[in-house]
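Peer 1: Okay, here's the structure, questions in a sec.
The values are calculated or read from the model by the stated rules, or taken from the named source; none is laboratory data. The model shown is predicted, which means the values in this text are computed figures rather than measured ones. Neighbour counts run over all protein chains shown; Cβ positions are idealised from the backbone, glycine included. Side chains are part of the model used for accessible areas, which takes the heavy atoms of the whole protein and leaves out ligands, DNA and RNA. Shrake-Rupley method; radii C 1.70, N 1.55, O 1.52, S 1.80 Å.
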Amino acid sequence: MKNEVLTLKHVTLFEKGKRQLDDISLRICSGDIIGLVNIGYQGLSALLDLILYNRRLDVGSVFFMGKEVSSIDFCQRKPNKITLVESLSHLIFSMNICDNFFFIKEHSPFFVQKKKQLSQLDEIFKEYGLTFTGTEYPSELLTVERCKLELVKACMSGSKLIIVKNPGAFLTPPEVKEIHALMKKITQQKKTAFLYLSNYFSDISEICNSVAVMRKGSILLKKEMKFITPQLLKNIQENFVRSFESLILNENADKKNAALTALLSYRDILQLPIHKGECTEISFCLRQPINALDS
């Protein structure tokens, strides 16, 4: 039977008077790999901050491992046992791999012989198919190697949920597949839950067992992966873009400035995910004639 790891119940959160999260309900259980597609950036930072560190809410509650950690009345000050793996490294660069692993143990003995540490680390690495000696430093690692280490390190430190943030933005497709393989192995062996943030349908469909779609701080839908199609996500995104295309420019304003203002005001919701190593042509299509942008 799966255990609930993280549960958000009707969460609403304001930040500087602006609604960041709007009536979000989400449930993640042990062994789940939940994909999250965010159409527009609104609310994503607030959601990650809430999940990782807890916040006092305007409405709703958050439960972690069955315990309420955030609500209207209070929030737990201690961070949740959740790890974020992203483009930014969370390893300590002045320490080698071995020291990075054993430094994070909360109840580790004051002194352990280095030989024993390396021996134990070698067993851990073999279990997950890693070939490091433990003496390497983070600066010597490739990005994909660093991500693998952070995933295993999170697992060994007792993280109940690991958030993998848009790996396709900084890894090549073959490297993303390596990360997926390791995620599956961790899920099978440790029943660790994953929240996978990406706007690439191919990545999500390969690794996730269910998907949630967020727009303007609200969860629009949450379905099992078998019910999610590229066309469904495309329809949701097209409906969002139509609101951008229907902007009416002020006739009295300078056309060039008005058109640019329309683009810039929506820069946070126009996303084009590109894998590392890819080359993509970017073009904008406005109802306003293209010469409106000419000088």
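Peer 1: With the condition kept exactly as written, say whether any residue in the range 149-166 is open to solvent by 10 Å² or more (accessible area, probe 1.4 Å), closer than 19 Å to K81 by Cβ, part of a helix (DSSP H, G or I) and basic (K, R).
Peer 2: Yes, some residue in the range 149-166 is open to solvent by 10 Å² or more (accessible area, probe 1.4 Å), closer than 19 Å to K81 by Cβ, part of a helix (DSSP H, G or I) and basic (K, R).
Peer 1: I'd like the full set of residues that are assigned to a helix (DSSP H, G or I) and either without any contact (Cβ under 8 Å) to a residue 40 or more places away in the chain or open to solvent by 10 Å² or more (accessible area, probe 1.4 Å) (or both), limited to the range 139-148.
Peer 2: Of everything in the range 139-148, those that are assigned to a helix (DSSP H, G or I) and either without any contact (Cβ under 8 Å) to a residue 40 or more places away in the chain or open to solvent by 10 Å² or more (accessible area, probe 1.4 Å) (or both) turn out to be S139, E140, T143, V144, E145, R146, K148.
Peer 1: Please determine, by comparing only the residues of the range 53-82 that are open to solvent by less than 30 Å² (accessible area, probe 1.4 Å) and within 29 Å of F101 (Cα to Cα), which one is farthest from the chain's Cα centre (by Cα). I'd like the intermediate steps shown before the answer.
Peer 2: Residues of the range 53-82 that are open to solvent by less than 30 Å² (accessible area, probe 1.4 Å), as a first pass: 54, 57, 60-62, 64, 69-71, 80, 82.
Remaining after also requiring within 29 Å of F101 (Cα to Cα): 54, 64, 69, 80, 82.
Values: N54: 16, F64: 18, V69: 20, N80: 16, I82: 12 Å.
Among residues in the range 53-82 that are open to solvent by less than 30 Å² (accessible area, probe 1.4 Å) and within 29 Å of F101 (Cα to Cα), the one farthest from the chain's Cα centre (by Cα) is V69.
Peer 1: Applying the selection to the range 170-225, what residues are surrounded by 15 or more Cβ atoms within 10 Å (Cβ to Cβ), of a type in the set (K, R) and under 19 Å from S30 (Cβ atoms)?
Peer 2: K185, K190, K191, K222
Peer 1: Run I228 past the list (1) more than 18 Å from the chain's Cα centre (by Cα); (2) surrounded by fewer than 19 Cβ atoms within 10 Å (Cβ to Cβ) and report the number of the one that doesn't hold.
Peer 2: That leaves (2) as the condition not met.
Peer 1: Next up: Looking at (1) open to solvent by 80 Å² or more (accessible area, probe 1.4 Å); (2) assigned to a helix (DSSP H, G or I); (3) not aliphatic (A, V, I, L, M), which is the only condition T131 fails?
Peer 2: It is condition (2) that T131 fails.
Peer 1: Do you know which of the residues in the range 99-119 that are over 19 Å from C155 (Cβ atoms) and at pLDDT below 85 is least open to solvent (accessible area, probe 1.4 Å)?
Peer 2: Top of the filtered list is V112.
Peer 1: So T133 passes all but one of these: (1) β-branched (V, I, T); (2) farther than 22 Å from I82 by Cβ; (3) in contact (Cβ under 8 Å) with a residue 40 or more places away in the chain. Which condition number does it fail?
Peer 2: (3)
Peer 1: For V211, all conditions in the list (1) modelled with pLDDT under 85; (2) within 25 Å of L44 (Cα to Cα); (3) of a type in the set (V, I, T) hold save one; what is the number of the exception?
Peer 2: Result: V211 fails condition (1) only.
Peer 1: Answer yes if at least one residue in the range 2-19 is in contact with a Cys (Cβ under 8 Å, 6 or more places away or on another chain), surrounded by fewer than 18 Cβ atoms within 10 Å (Cβ to Cβ) and polar (S, T, N, Q), and no otherwise.
Peer 2: yes
Peer 1: Follow-up. Any residue in the range 19-47 that's charged (D, E, K, R) and assigned to a strand (DSSP E or B): show its pairings with residues that are surrounded by fewer than 21 Cβ atoms within 10 Å (Cβ to Cβ) and modelled with pLDDT under 95 at Cβ separation under 6 Å, as long as the two are six or more apart or on different chains.
Peer 2: D22/S218
Peer 1: For the range 27-37, check the following and say yes or no: at least one residue is open to solvent by less than 30 Å² (accessible area, probe 1.4 Å) and either charged (D, E, K, R) or more than 30 Å from L232 (Cβ to Cβ) (or both).
Peer 2: Yes, some residue in the range 27-37 is open to solvent by less than 30 Å² (accessible area, probe 1.4 Å) and either charged (D, E, K, R) or more than 30 Å from L232 (Cβ to Cβ) (or both).
Peer 1: A follow-up question, please. Any idea which residue in the range 177-224 is nearest to N166 (Cα to Cα), counting only those that are acidic (D, E) and in a helix (DSSP H, G or I)?
Peer 2: Restricting to residues being acidic (D, E) and in a helix (DSSP H, G or I), the top hit is D203.
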